[in-house]
Amino acid sequence: MTAPGTLFGFTEAQIAQFGLTFGIGAFMLYMLFIIAQLAWESKAGRFGTFVLFLGLAFGMVGFAAKFVIQWFLER
């Protein structure tokens with residue numbers, strides 16, 4: 001029997017943390033796949049592919065940097 005206020009033995013905070021780290025990480029990988037598919041289908045070439053990844057994936061760098069900074073501060 002699970003404790004009250006839990007789902008499968010996990011608290012809401014644990015489920016949210018799991019979703020934020022692994023769920024968003026998996027979504028980011030999927031977005032990179034979509035960007036690569038766009039570059040391939042448009043025959044963008046090397047520079048065009050670079051620009052696509054730079055423009056569309058730049059926000060992911062900040063999101064990933066947040067986790068790295070948090071990790072260094074908590075150590």
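Only the coordinates and a few stated rules stand behind these numbers; no lab work does. Everything numeric in this text was worked out from a predicted model, so none of it was measured.
Were the residues from residue 42 through residue 10 laid out at 0.36 nm apart, the gain over their Cα-Cα distance would be 7.0 nm. Scaling the Cα radius of gyration of the chain by the globular reference 2.2 N^0.38 Å produces a ratio of 1.58.
Of all the options 34, 24, 15, the one that moves most in a Gaussian network model of the chain with Cα springs shorter than 10 angstrom is 15.
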